[in-house]
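The values are calculated or read from the model by the stated rules, or taken from the named source; none is laboratory data. Bear in mind the structure is a predicted one, so any value in this text is a computation, not a measurement. A quick note on method: Cβ atoms are made from the backbone with ideal geometry, for glycine too, and the neighbour counts reach across all protein chains shown. The area values use the complete protein model at the heavy-atom level, side chains included, leaving out ligands, DNA and RNA. Shrake-Rupley method; radii C 1.70, N 1.55, O 1.52, S 1.80 Å.
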Amino acid sequence: MFFIPQVELVPEKPKRSALNQLTRLLLRKYNYGVRPVQNWTKPTTVYIDLIIQSVLDVDGQTQKVTTSIWYRQIWNDEFLVWDPEEFDGITEISLSSDAIWVPDVIISEFVDVGKSPVIPYVYVNCSGTVKNYKPIQVVSACHLEIYAFPFDKQNCTLTFRSWLHSVNEVDLALWRPAEEIANDTKDFMNDGEWELLSVPSHYCTLEQEDRDYAQIQFNVLIRRRPLLYVVSLLIPSIFFMVVDVTSFYLPPNSGTRITFKTSILLGFTVIRVNLMDEIPATAIKTPLIGVFFAVCMALLVLSLAMSIFVVKLLHYSEKEVKEMSMSACLLDKYGSMDQSFIESPDLFSLTEVSNSDSPLEKILQEVVSLRLYLQEEDNEGSSQSYWVELCLKVDKLLFCVYLLIMLIYVMTLLLLWGVWSSA
């Protein structure tokens with residue numbers, strides 16, 4: 001009986017895929033610390049493209065702008081070239097960005113690390129063209145002009161340049177024409193507070209320490225949508241000022257004008273405090289709308305002070321009249337009447353018998369004195385009416401002065417706005 005020995009079958013090692021072989025071939029002797037050119041005198045041209053996606057934040061106090069951009073870098077790597085026919089027709093592969101040379105292009109205005117997603121790969125085609133596409137959240141410094149808030153326009157620059165390499169080593173260029181980049185706003189999220197106007201760009205060189213550095217500057221021109229601020233800030237303030245002007249038609253002696261004006265001032269103060277966070281803060285220049293609110297507050301206080309002055313005049317006159325008691329008035333009137341009664345020729349007969357004790361004569365004397373007293377009261381009533389009329393004229397004069405001040409204020413605002421618009 002024969003025994004057939006069992007032979008163990010060794011599984012055949014799988015062949016490496018063409019993609020794996022190509023990757024190993026390209027990176028076997030690759031040095032990512034060396035600029036990828038055969039001739040070291042030849043500069044590496046890095047093409048840059050930029051698409052603005054959204055404006056996330058504009059901080060007027062710290063002069064910072066946060067934008068979300070789609071950034072593209074394209075350059076040629078002479079060490080990453082292969083024949084597609086030798087690798088199953090592969091014409092493009094993805095490689096780790098940490099395994100190959102990547103240009104040290106930075107944004108000069110960069111001030112803070114944004115929440116940008118990490119993209120660890122780049123695309124490389126068979127001719128050596130490397131494409132590095134990635135979204136970036138850029139927190140950059142920007143000189144913000146908020147003088148015309150909320151009708152302001154901002155011009156924020158994003159300057160791309162190589163940090164170490166001069167223009168003889170790394171040169172920069174635009175991947176698309178400048179006109180196309182400037183008018184490309186279709187990918188911008190246009191439903192926020194800011195509206196993208198255009199993104200003009202230009203190439204220039206910067207000279208530092210006897211070396212020239214290539215840089216490309218993108219000017220991000222944005223405009224604020226003012227509707228929210230007009231509805232929540234300007235229109236209520238204008239309504240308060242119009243109501244304050246019309247309150248001058250309330251009679252000053254009714255006692256309601258001061259209460260009404262105080263309520264207007266209090267309401268304006270409450271709205272102003274609640275909307276403090278809506279106005280951007282800056283230590284460089286006060287926004288024109290801040291001056292508008294301050295002057296409106298001053299005008300409301302001035303209007304209240306004018307009304308208090310007029311009411312004080314009216315009440316001062318009444319107080320002086322009321323200080324005289326009825327008995328003092330009668331005594332004063334009787335003394336003057338007795339003297340005029342003695343000196344009057346028509347009452348000579350009464351004077352002759354003024355020392356008599358006749359009751360009829362005393363009654364007649366009292367009637368004449370009462371008649372003269374009533375005439376004096378009528379004269380006082382007419383003088384009081386004259387005083388009220390005089391106070392009303394003073395009130396009208398102060399109202400005209402108030403309108404004149406407000407007119408000058410409005411003209412000044414329009415003049416400042418015109419100067420800013422033409423600048």
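In a simple Cβ point-charge model (Lys, Arg +1; Asp, Glu -1; nothing else charged), the range 194-284 has a dipole of about 760 debye relative to its Cα centre. What translational diffusion coefficient, to the nearest whole µm²/s, does the range 191-299 have by Stokes-Einstein, given a Kirkwood radius computed over alpha-carbon pairs, a temperature of 37 °C and 0.692 mPa s viscosity? D = 180 µm²/s. Dipole of the range 194-292 computed with +1 at Lys/Arg Cβ and -1 at Asp/Glu Cβ about the Cα centre; of 263, 279, 199, farthest Cα towards the positive end is 263.
Pairwise Cα distances in the range 160-253 exceed 15 Å in 74 percent of cases. With a 1.4 Å probe rolled over the protein heavy atoms of all chains, the accessible area of 126, 400, 296 falls in the order 400, 126, 296, largest first. If you plug the beta carbon distance of residue 96 and residue 230 into 1/(1 + (r/R0)^6) with R0 = 56 Å, you get a FRET efficiency near 0.60.
Length available on full extension from residue 119 to residue 262: 0.36 nm per residue minus the Cα-Cα distance, which gives 45.3 nm. If you plug the beta carbon distance of residue 76 and residue 221 into 1/(1 + (r/R0)^6) with R0 = 25 Å, you get a FRET efficiency near 0.20. Each peptide among 26-33, 255-262 gets the average number of other Cβ atoms lying within 10 Å of its residues, and from highest to lowest they stand as 255-262, 26-33. With only Cα atoms counted, the range 85-241 has Rg and Dmax values of 21.0, 82 Å. When the inverse distances between all different Cα atoms of the range 24-115 are averaged and flipped, the Kirkwood radius reads 16.6 angstrom. Ranked by the mean number of other Cβ atoms within 10 Å of their residues, highest first, the peptides 413-419, 149-155 fall in the order 149-155, 413-419. Loop-located trypsin sites (Lys or Arg not before Pro) in the range 185-251 (DSSP state not H, G, I, E or B) with no more than 11 neighbouring Cβ atoms inside 10 Å: 186.
Surface analysis of the range 39-108 yields an accessible area of 46 Å² per residue, using protein heavy atoms and a 1.4 Å probe. When the accessible area of the range 133-242 is computed with all protein chains present and a 1.4 Å probe, what percentage of it is carbon and sulfur? It is 56 percent, rounded to a whole number. Length gained on full extension, residue 186 to residue 207, computed as 0.36 nm times the residue gap minus the Cα-Cα distance: 4.0 nm. Pairs 312/396; 261/396; 42/115; 64/134: which are spaced more than 25 Å apart, C-alpha to C-alpha? Correct reply: 42/115. Rolling a 1.4 Å probe across all protein chains gives residue 225 an accessible area of roughly 80 Å². Full extension of the chain between residue 27 and residue 305 yields a length gain of 91.7 nm, computed as 0.36 nm times the residue separation minus the alpha carbon distance.
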